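Before any comments, here is the structure.
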Amino acid sequence: MPSSLPKFQNFLNLDEFETAARLLLSPMAHAYFAGGACDQITLRENISSWNTIKLWPRILQGVANPDLTTTLFGHLAALPFFPAPVAMLKLAHPQGELAVAKAMNQLTLPYFASTMATTTLEDVAQETKSTSAYFQLYCFKDLALTKSLIQRAEQAGFKGLVVTVDAQSLGKREADIRHEFHLPTPLKLENLDYQSNLALHAAKGSGAERVSAHFDTSLDWKSLEAILADTKLPWAIKGVLHPEDATIAASLGAKAIFISNHGGRQLDGVPTALEVLPLFAKVLKGKIEIFVDGGIRRGTDIIKAILLGANGVLIGKPMVWALAVGGEAGVLKMMKILEDELRLGMCLLGCSSLKNLDNRYLFHA
Ligand SMILES: Cc1cc2nc3c(=O)[nH]c(=O)nc-3n(C[C@H](O)[C@H](O)[C@H](O)COP(=O)(O)O)c2cc1C
């Protein structure tokens, strides 16, 4: 680490991790983690939309130690925010996925393992024994590969599947194309076969595009049902932006919905999670767990998400920056900053439990 870098243990907010990580990562790696699709309108709006609503505090409520627990797949979680599944974490730090998994193990919080990880799902499972781990599944043209991933996740002890459905075709990420994104050797997509890895290592253009060419673009509700028919694992859908899609998923047995625009990396110019969340809450609150992600950087963003109907949130890029800067300790520090901000926010809002958050705490003139 360059000696001029500030010590991450003194960081006060998540943005400081980003500034420090930018100095550490190669331009190609930084562009891969930070970039969005096309004009990056959605990438920017993910951040700004959390500032479009205001909290409305009540005084003298005697709140000193608010209840910050939630449920995920029906299991109690001590906090309502978790690192999002993010691909290729060894590009950020040599310990990659294992560093994040170890941090979550320490905190007894869930870990979401990406299909596109640079560590095998079996190795991740080993590190998450005192917590619950969920496997994020991409569906491949090669049905046998998709099914074998599900079987491996079952055997390794994952508690559920999170099927990501918004990236069957990869978004147009111009920064990756410009930087000729590829996974430097000896890093590999450890969960995948030789063919997919070959595509990612080849130079020129975007390797991410080439590997995603193996995803099943013909995936629909029927084929998804068939893919999930043989597993006993509970499952959720990630990458939903329309409440009607969430209703279909719920009718097929999904345990949770992850409202997400993939961090602004897929279709540019779509709504943010905050914008659509109230529509989901209207039809699905209490019937299915609802999680959101995209641009959450402050404890107050988490409060806003829960107030509008979410059970919890995922944190993507800040987790990567924290990992890059400090490995496992960096991720722990990032989680602590958010926890402190969330707790303080609830005290200042005068609300004793996340379960009591609702529209009463939303300012409307
Ligand atoms: C570099 C990067 C890689 C990602 N890889 C995956 C992935 O493998 N699977 C997945 O479901 N989502 C993936 N996502 C999306 C995240 O899970 C999450 O939806 C998004 O990052 C949330 O937005 P935020 O980064 O603003 O917090 C990725 C996001 C980033 C930034």
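Observations, loosely collected:
- Residues satisfying the stated conditions in the stretch 311-324, i.e. in contact with a helix residue (DSSP H, G or I) (Cβ under 6 Å, 6 or more places away or on another chain) and within 23 Å of residue 243 (Cβ to Cβ): 313, 316
- Applying the condition of being touching a helix residue (DSSP H, G or I) at 6+ places or on another chain (Cβ under 7 Å) and in a loop (DSSP other than H, G, I, E, B) to the stretch 257-281 and asking which residue is farthest from the ligand (Cβ to nearest atom) yields 269.
- Any hit, the stretch 263-277, residues being touching a residue at least 40 places away in the same chain (Cβ under 8 Å), in contact with a Pro (Cβ under 8 Å, 6 or more places away or on another chain) and surrounded by 21 or more Cβ atoms within 10 Å (Cβ to Cβ): no
The rows are residues; the columns are (1) assigned to a loop (DSSP other than H, G, I, E, B); (2) at pLDDT 95 or above.
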residue	(1), (2)
161	no, yes
168	yes, no
175	no, no
183	yes, no
188	yes, no
232	yes, yes
239	no, yes
253	yes, yes
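- The stretch 73-118: number of residues that are assigned to a strand (DSSP E or B) and within 12 Å of the ligand (Cβ to nearest atom): 6
- The stretch 223-248: number of residues that are farther than 17 Å from residue 150 by Cβ and more than 14 Å from the ligand (Cβ to nearest atom): 7
Matching residues to (1) surrounded by 22 or more Cβ atoms within 10 Å (Cβ to Cβ); (2) free of Cβ contacts under 8 Å to residues at least 12 places away in the same chain:
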position: 243; (1), (2): no, no
position: 279; (1), (2): no, no
position: 319; (1), (2): yes, no
position: 336; (1), (2): no, yes
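- Residue among 77, 113 that alone is in contact with a strand residue (DSSP E or B) (Cβ under 8 Å, 6 or more places away or on another chain) and under 30 Å from residue 185 (Cβ atoms): 113
- Tabulated pairs, the stretch 208-229, first over 18 Å from residue 189 (Cα atoms), second modelled with pLDDT under 95 and of a type in the set (Gly, Ala, Ser), C-beta under 9 angstrom, 6+ apart or interchain: 217/169
- Residue within the stretch 337-345 that is touching a Leu at 6+ places or on another chain (Cβ under 9 Å) and over 30 Å from residue 93 (Cα atoms) present: yes
- Residue list for the stretch 307-329, restricted to those being within 16 Å of the ligand (Cβ to nearest atom) and in a helix (DSSP H, G or I): 317, 318, 319, 320, 321, 322, 323, 324, 325
- Of the residues making up the stretch 119-137, those that are touching a strand residue (DSSP E or B) at 6+ places or on another chain (Cβ under 8 Å) and small (Gly, Ala, Ser) are 125, 132, 133.
- Close contacts from the stretch 149-175, counting a first residue that is farther than 12 Å from residue 212 by Cβ and a second that is in a loop (DSSP other than H, G, I, E, B) and at pLDDT below 95, with Cβ to Cβ under 6 Å and a gap of 6+ residues or different chains, come to 159/132.
- The lone exception for residue 118 - which of (1) touching a Lys or Arg at 6+ places or on another chain (Cβ under 7 Å); (2) farther than 21 Å from residue 184 by Cα; (3) of a type in the set (Ser, Thr, Tyr) it fails: (2)
- Residue list for the stretch 125-137, filter: more than 13 Å from the ligand (Cβ to nearest atom) and crowded, with 17+ Cβ neighbours inside 10 Å: 125, 127, 128, 131, 132, 133
- Test result for residue 184, more than 15 Å from the chain's Cα centre (by Cα) and of a type outside the set (Gly, Ala, Ser): yes
- Subset of the stretch 161-174 (residues that are more than 14 Å from the ligand (Cβ to nearest atom) and either of a type in the set (Val, Ile, Thr) or under 19 Å from the mean Cα position of the chain (by Cα) (or both)): 169
- Only one of the listed residues (140, 181) is within 15 Å of the ligand (Cβ to nearest atom), touching a strand residue (DSSP E or B) at 6+ places or on another chain (Cβ under 7 Å) and more than 18 Å from residue 261 (Cα to Cα). That residue is 140.
- In the stretch 282-290, the condition of being crowded, with 24+ Cβ neighbours inside 10 Å, closer than 18 Å to residue 70 by Cα and either under 16 Å from the mean Cα position of the chain (by Cα) or within 16 Å of the ligand (Cβ to nearest atom) (or both) is met by at least one residue.
- Taking the conditions (1) within 13 Å of the ligand (Cβ to nearest atom); (2) touching a Ser or Thr at 6+ places or on another chain (Cβ under 8 Å); (3) farther than 26 Å from residue 290 by Cβ; (4) part of a helix (DSSP H, G or I) in turn, residue 149 satisfies each one other than (3).
The values are calculated or read from the model by the stated rules, or taken from the named source; none is laboratory data. Just so we're clear, the structure is a prediction, and the values are computed from it rather than from any experiment. We place every Cβ from the backbone using ideal geometry, glycine too, and count neighbours over all the protein chains shown.
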